[in-house]
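Chemist: So that we are looking at the same thing, I have put the structure below in structure tokens.
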Amino acid sequence: MQSSKRRVGAVAVLVAAATIAASFTGAAASSGGSTFVPFSSLFRTCSHDQTHWVSATGYGSGGAEIGVGPGGVTADVRLATAQPNTRYTVRLIEVPRPSERTCTAGDPGVIVGDLFTDASGSGTTRLAGPVVDGATGVWVSVDGPPKPGRVIGDFYTSEIVAPLN
């Protein structure tokens, strides 16, 4: 009984991953010049440096298709197998950033939006905004709300910084 439950869970994760990969493949082909950045559950500083001793709590997967044009930068963000029926905060963060600068809503070079997951834990959103002077790349951070008694919720960040050229 336990092994069949595990198999069903594993199949669900594989189907979700295949769906995400297929949707990004189509987006990349039509956008011409965009960069796909996969997510990992690594906590990062505002300058995209990985921090130590912050344990991952989420089981979601996903990524973002980042594009740059005359109007600025866009990120089509997709998340799957995350917490169902949950609001996630998504930030598109431009780098380089001085070490003393934060990357919260209202900060220069930070575009913020919401992503709402459905009953299966999947959701999409699009962020768009201007590129600040001196920015050479962008990355995405997705944060979920903490569970009761926890300080931090599940989080997903870009594995790479997408170039802004």
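The values are calculated or read from the model by the stated rules, or taken from the named source; none is laboratory data. The structure presented is a predicted model; accordingly, all values stated were derived computationally and were not measured. Cβ coordinates were reconstructed from backbone atoms using ideal geometry, including for glycine residues, and neighbour counts include every protein chain displayed.
So that you can scan it fast, the table gives a plain yes or no per residue for (1) farther than 27 Å from K147 by Cα; (2) at pLDDT below 85:
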residue: R6; (1), (2): no, yes
residue: A18; (1), (2): yes, yes
residue: F24; (1), (2): yes, yes
residue: V54; (1), (2): no, yes
residue: P70; (1), (2): yes, no
residue: D76; (1), (2): no, no
residue: L92; (1), (2): no, no
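Chemist: Now for a separate question. Looking for something in contact (Cβ under 8 Å) with a residue 60 or more places away in the chain and either under 11 Å from the mean Cα position of the chain (by Cα) or surrounded by 22 or more Cβ atoms within 10 Å (Cβ to Cβ) (or both) - is there at least one such residue anywhere in region 91-110? Break it down stepwise before answering.
Modeler: Going residue by residue through region 91-110, those that are in contact (Cβ under 8 Å) with a residue 60 or more places away in the chain are 94-95.
Then keep just the ones that are either under 11 Å from the mean Cα position of the chain (by Cα) or surrounded by 22 or more Cβ atoms within 10 Å (Cβ to Cβ) (or both); that gives 94.
The answer is yes; a qualifying residue exists.
Chemist: Being among the charged types (D, E, K, R) and touching an Asp or Glu at 6+ places or on another chain (Cβ under 7 Å) is the filter here; which residues of region 123-165 pass it? Quick ask: steps written out before the conclusion?
Modeler: Here is the first cut: in region 123-165, the ones among the charged types (D, E, K, R) are 126, 133, 143, 147, 150, 154, 159.
Correct list: R126 only.
Chemist: Which of the residues that make up region 26-43 are closer than 21 Å to T104 by Cβ and at pLDDT below 90?
Modeler: S41, L42, F43
Chemist: In this structure, is V77 assigned to a strand (DSSP E or B), under 24 Å from D154 (Cα atoms) and in contact with a strand residue (DSSP E or B) (Cβ under 8 Å, 6 or more places away or on another chain)? Explain how you work it out, then say what you get.
Modeler: Details: assigned to a strand (DSSP E or B): yes; under 24 Å from D154 (Cα atoms): yes; in contact with a strand residue (DSSP E or B) (Cβ under 8 Å, 6 or more places away or on another chain): yes.
For V77, the condition - assigned to a strand (DSSP E or B), under 24 Å from D154 (Cα atoms) and in contact with a strand residue (DSSP E or B) (Cβ under 8 Å, 6 or more places away or on another chain) - is met.
Chemist: Could you tell me which residue of region 53-90 is surrounded by the most Cβ atoms within 10 Å (Cβ to Cβ), considering only residues that are without any contact (Cβ under 8 Å) to a residue 12 or more places away in the chain and not aromatic (F, W, Y)? Spell out how you get there, then give the answer.
Modeler: As a first pass, look at region 53-90 and keep what is without any contact (Cβ under 8 Å) to a residue 12 or more places away in the chain: 53, 55, 69-70.
The next check asks that each one be not aromatic (F, W, Y); those that pass are 55, 69-70.
Details: S55: 7, G69: 12, P70: 4.
For region 53-90, the residue satisfying everything is G69.
Chemist: Which residue is farthest from E159 (Cα to Cα), if the candidates are limited to region 111-148 and must be under 16 Å from the mean Cα position of the chain (by Cα) and among the hydroxyl-bearing types (S, T, Y)?
Modeler: Here the answer is T117.
Chemist: Okay, moving on. Which pairs have Cβ atoms under 9 Å, sit 6 or more apart or on different chains, and link a residue in region 136-160 that is farther than 15 Å from V73 by Cβ and modelled with pLDDT under 95 to one that is aromatic (F, W, Y) and part of a loop (DSSP other than H, G, I, E, B)?
Modeler: Pairs that qualify, where the first residue is farther than 15 Å from V73 by Cβ and modelled with pLDDT under 95 and the partner is aromatic (F, W, Y) and part of a loop (DSSP other than H, G, I, E, B), are I152/F43; D154/Y59; F155/F43; T157/F43.
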